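Report on one structure; see the data block that follows.
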Amino acid sequence: IKVEFSMKFTSRDLSLKRTPSKKQSGVFGVKINVVTKRERSKVPYIVRQCIEEVEKRGIDEVGIYRISGVATDIQALKAAFDTNTKDILVMLSDMDINAIAGTLKLHFRELPEPLLTDRLYPAFHGGHSTLRPSSQGELHDAPPALPARLQPHDLPDSAGAPQTGG
């Protein structure tokens, strides 16, 4: 099997403008480093919980991350994560899996700075042709600034809510 892909880089100045949130208390529209620092975690709680739920219930779902969830469900989850509602885990277990995937996609879309920043893009672009996937799904020869793969010990215990304060 041969897989080819191409990428075109468009600077954020020429593409969709991302406007940072004025509030720093939620997770939507807030820089990811602010959220991770506040939660004392390498991966934001919203990302961990949504991915965990998708892996538990939706991994075999046709069109997961492609089929849109119901907008009102996505907005309800957004509000719950932004206000750190204690019922998030119950909401996630009752919510349609496409709404959960949609909430995660919305979170990434609303980040004020993309995950692959303008500063990191050249390293990624220059290194993509030399990347070799291993049998465990890890990437070998990744540029030093890009993690090859998060290891389980990099993730805090996802059973509890994010830590606040500090």
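Assorted remarks:
- Listed by position, the helices (runs of 4 or more DSSP H) enclosed by the range 27-97 include none that has at least 3 residues that are under 22 Å from Leu115 (Cα atoms), among the basic types (Lys, Arg) and within 16 Å of the chain's Cα centre (by Cα).
- Taking residues in the range 66-92 that are of a type outside the set (Asp, Glu), and partners anywhere that are open to solvent by 80 Å² or more (accessible area, probe 1.4 Å), the pairs with Cβ atoms closer than 9 Å and at least 6 places apart or on different chains are Ile67/Glu61; Ile74/Ser68; Ala80/Asp87; Thr83/Ser25; Asn84/Ser25; Asn84/Thr164.
- Evaluating Arg57 against the criteria (1) open to solvent by 60 Å² or more (accessible area, probe 1.4 Å); (2) in contact with a helix residue (DSSP H, G or I) (Cβ under 8 Å, 6 or more places away or on another chain); (3) at pLDDT below 90 leaves one unmet condition, (3).
- Residue list for the range 28-52, filter: of a type in the set (A, V, I, L, M) and open to solvent by 20 Å² or more (accessible area, probe 1.4 Å): Ile32, Val34, Ile51
- Within the range 88-109, being under 18 Å from Glu39 (Cα atoms) and among the aliphatic types (A, V, I, L, M) holds for Ile88, Leu89, Leu104.
- Where Val43 falls short, out of the listed (1) farther than 11 Å from Gly102 by Cβ; (2) out of contact with any Leu (no Cβ under 9 Å at 6 or more places or on another chain): (2)
- Single residue of the range 76-87 satisfying the filter (crowded, with 19+ Cβ neighbours inside 10 Å and among the aliphatic types (A, V, I, L, M)) that is nearest to Val34 (Cα to Cα): Ala80
The values are calculated or read from the model by the stated rules, or taken from the named source; none is laboratory data. Being a predicted model, the structure only gives us computed values, none of them experimental. In this analysis, Cβ positions are derived from the backbone assuming ideal geometry, glycine residues included, and neighbour counts consider all displayed protein chains. Heavy atoms of the whole protein, side chains included, go into the accessibility calculation; ligands, DNA and RNA do not. Shrake-Rupley method; radii C 1.70, N 1.55, O 1.52, S 1.80 Å.
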